[in-house]
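So the structure is just underneath, and the comments pick up after that.
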Amino acid sequence: MFIGRERELKSLQELYDKDGFGMSVIYGRRRIGKSTLITEFIKGKKAIFYTATKVGKERNLELFSNQVVTVLDPALGDVTFSSLEAVFDFISKKMPKDKLIIVIDELPYWAEKDEALLSVLQKYIDTEWNRKNLMIILCGSALSFMENKVLSEKSPLFGRRDSQIRLEAFNYRDSALFVPNYSVEEKAICYGITGGVAKYLSMIDGERSLDDNIKRLFFHTDGYLYDETRNLLTQEFSDITLVNNIIEQIASGENTINIIAGKVGEKEPTVLYSLEKLISVGLVEKKKCIMEEKNKKKTQYVLRDYMFKFWYEFIPKAHSVIEMGQGDIYYEKVVKQKLHSFMGSVFEEMCRYYTLEQGIQGRFDCFLTQVGTWWGMEAVANQNGEKLQQSADIDVVAISEIDKSAVIGECKFKNEKIDKGVYETLVRRANLISGKYRIRKYVFFSLSGYTDWFDTLENEDVVLLSLSDLYE
């Protein structure tokens, strides 16, 4: 069953419905659902769908030609074309009256071995196909190639595309559609352990318990996600040792380049190069402190992919146990009791998404345009009245540059209720940013609810939300 992607399908359909030629470029990290999206879109349509492989330009030409002949003139049987121009000429001559779709999936595998591919494609678009009832979809997982070689001004195809779609992971709400019968807490955890990646979500069996699914996917040697991180890194990097070490440090909480470099024993430029590649493939994010984006000292490297975060937090420590076939015991005794702790940062990201979404719709009495997190230092008094400096952070900071308003929030994914102390801490920390923005609302997000103290609180600017509210 195909789930979600309504906006992307609508974009592709609108391009298809236009008369004449059109081209769309679709790209995104591996496993994100690009091929599934295209397959769903071309249902019932005349389409040549070719997925390139790492077999060299001659073999890709041969396999692509087979697909072309199968769709446009299957009676010809096995026909070989001497060049790319020859097969493109064949397409031009055999073009049906109804719109034809040509899909080249995993384009970088072919284009990297055939430097002329994009130029020849550009020539035929300009001279032959711009008057044809034709739609071309170019798709790839190598983000840097798609952005630099296909979409940039230096590309032969620059200016020819009508639309581009960078396909991202599902948000927490769309991820829940894969497990409709789960509780909201289980849906949130499913989002956390998969990061909203379509392939991983599709592996979850909604008829089985959440615990059983996690054990089966991560903690069995034949589980799909047991070795997935290594598989992905091997596809993207020639030497994964350094990359693996860098990810391990980020997963353990080290998030500045100088500390990471020191921990892995490499120079900062070497580490920075690998970090930039990890960012380009969607695994790491360069996080900036909201309202202080130009402050280089307030830059952190964090794992963007929550599946990687889950894997690196629990799997390396348990390889021997899992290899012995005792992964289920390890999960029950170690992992299960730490799930709420793991979900802390995931829940914060969910709450930021919700706050911005609702703020755009005007729920918090202002039109919010940006959301992030803030961290820094605050002065607090100890028992003797002495002022001390301590680190401080605010989980959710959503701002409106239009009227200089802000909404701030605190998130707790715990089996305990939010109490007066959490409220007082957030109100106190509001002073750290209130000089620049007027605080409109104090929003609290709780898995387990709130203590009775909040029943006596008279503050119209306080909003109390549950996990269920995020899914409504």
Need one number: the % of Cα-Cα pairs in the chain sitting beyond the 45 Å mark.
22 percent
Relative contact order of the range 222-335: what whole-number percent is it, with Cα pairs under 8 angstrom and at least 6 residues apart?
22 percent
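Restricting to bridges with both residues inside the range 349-470, how much of the DSSP beta-bridge set is antiparallel, in percent to the nearest 5?
Approximately 55 percent, going by the DSSP bridge assignments.
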Need the C-alpha centroid separation for the range 272-288 versus the range 38-59, integer Å.
30 Å
How many angstrom lie between the Cα centre of the range 289-360 and the Cα centre of the range 223-251?
16 Å
Nothing charged except the Cβ atoms of Lys and Arg (+1) and of Asp and Glu (-1): what's the magnitude of the dipole of the range 349-470 about its Cα centre? Round to the nearest 20 debye.
300 debye
Pairwise Lys count, the range 264-366 - Cα closer than 18 Å, eight or more residues apart or different chains
22
Could you grab the relative contact order for the chain? Cα pairs under 8 Å, six or more apart, rounded to a whole percent.
11 percent
Using the Cα centre as the reference, give the magnitude of the dipole from point charges on the C-beta atoms of the range 19-160 (Lys, Arg: +1; Asp, Glu: -1; all else neutral), rounded to the nearest 20 debye.
420 debye
What list of ³J(HN,Hα) values in whole Hz, one per residue of the range 304-313 in order, does the Karplus curve 6.51 cos²θ - 1.76 cosθ + 1.60 (θ = phi - 60°) give from phi, with Gly and Pro shown as x?
7, 8, 5, 4, 4, 4, 5, 4, 6, 7
Inter-centroid distance (Cα atoms) of the range 107-136 relative to the range 408-472, Å
54 Å
Gain on full stretching of the segment that runs from Val422 to Glu401 - 0.36 nm per residue minus C-alpha separation:
4.8 nm
Top positive-direction residue, dipole computed over the chain with Cβ charges, set Tyr450, Ile48, Ser83
Ser83
In µm²/s, what is D for the range 6-166 at 37 °C and 0.692 mPa s, where D = kT/(6 pi eta Rh) by Stokes-Einstein and Rh is the Kirkwood radius from Cα pairs?
207 µm²/s
What percent do you get for the relative contact order of the range 349-470 when only Cα pairs under 8 Å and 6+ apart count?
21 percent
Net +/- balance of residues flanking Asp73 in space, Cβ distance below 10 Å, scoring K and R +1, D and E -1:
+2
Taking neighbour Cβ counts within 10 Å as the exposure measure, how do Met203, Met23, Met350 sort from fewest upward?
Met203, Met23, Met350
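Using the crude model of +1 on Lys and Arg Cβ and -1 on Asp and Glu Cβ, and no other charge, please compute the dipole size for the range 173-343 relative to its Cα centre, in debye to 20.
Here the size comes out at about 720 debye.
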For Arg173, Arg352, Arg7, Arg230, ascending order of other Cβ atoms within 10 Å (fewest first) is Arg7, Arg230, Arg173, Arg352
Just for the chain, what percent of DSSP beta bridges are antiparallel, to the closest 5?
40 percent
Volume per residue, Å³, of the convex hull around the alpha-carbon atoms of the range 173-343?
131 Å³
Could you tell me which residue out of Ser65, Cys190, Ile260 lies farthest along the dipole of the chain toward its positive end? Charges go on the beta carbon: Lys and Arg +1, Asp and Glu -1, centred on the Cα centre.
Ser65
By counting other Cβ atoms within 10 Å of each Cβ, how are Ile439, Ile125, Ile246 ranked from fewest to most?
Ile439, Ile125, Ile246
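No value in this document is a laboratory result; all are computed from the given coordinates. In this text the structure is predicted, and so the values were computed from the model without any measurement. Note: ideal-geometry Cβ built from the backbone for every residue, glycine included; neighbour counts use all protein chains shown.
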